[in-house]
Amino acid sequence: MPLPRAKGHISYGGALRPGEGDAIAQYVQQGKRIPRRGEVSLLAEDIQKFESLGYVMSGSRHQRMNVIRVRKENQVYSAEDKRALAMFNYEEKAKREQKVMADLQWLVQRHIGQDVGPSHDPFAGREGVDA
């Protein structure tokens with residue numbers, strides 16, 4: 001399941017050049033493999049096909065470059081995870097608020113004597129509430 005896209009600027013942490021975090025995040029949001037140095041003009045499917053045939057891509061050879069690349073990718077992944085969690089929490093909070101508003105509207109309509117219609121009593125079964 002692809003992550004929802006964010007609007008505005010997101011901080012992906014330090015050690016990333018301007019625009020680098022956004023570029024990596026685009027691949028993450030699309031669920032694609034992040035291209036390494038020398039692989040930019042190739043499609044992700046082509047790269048995976050070459051690697052499955054046994055080719056070692058030029059970006060995979062240097063241990064120090066790989067460590068830096070993995071750290072940068074992890075920075076982007078953790079920022080994307082935080083963004084997705086924040087969006088999930090926001091949606092859940094909006095659902096709870098919508099339910100509370102609907103329950104309050106039902107109570108107000110019942111109190112002023114309007115026909116409420118066939119709906120449930122959100123406070124039925126609770127102690128201390130007059131029915």
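Observations on the structure shown:
- When segment 53-102 is limited to residues that are within 18 Å of residue 25 (Cα to Cα) and among the acidic types (Asp, Glu), the one that is surrounded by the fewest Cβ atoms within 10 Å (Cβ to Cβ) turns out to be 81.
- Conditions (1) at pLDDT below 80; (2) exposed (fewer than 14 other Cβ atoms within 10 Å of the Cβ); (3) among the charged types (D, E, K, R): number failed by residue 39: (2)
- Within segment 62-106, being touching a Lys or Arg at 6+ places or on another chain (Cβ under 8 Å) and not hydrophobic (A, V, I, L, M, F, W, C) holds for one residue alone: 69.
- Some residue of segment 68-77 being farther than 30 Å from residue 87 by Cα and either part of a helix (DSSP H, G or I) or modelled with pLDDT under 75 (or both): no
- Yes/no for residue 49 being at pLDDT 80 or above and surrounded by 13 or more Cβ atoms within 10 Å (Cβ to Cβ): no
- Residue list for segment 1-25, restricted to those being surrounded by fewer than 13 Cβ atoms within 10 Å (Cβ to Cβ) and at pLDDT 75 or above: 17, 18, 19
The values are calculated or read from the model by the stated rules, or taken from the named source; none is laboratory data. Model, not experiment: these values are computed from the prediction. Neighbour counts run over all protein chains shown; Cβ positions are idealised from the backbone, glycine included.
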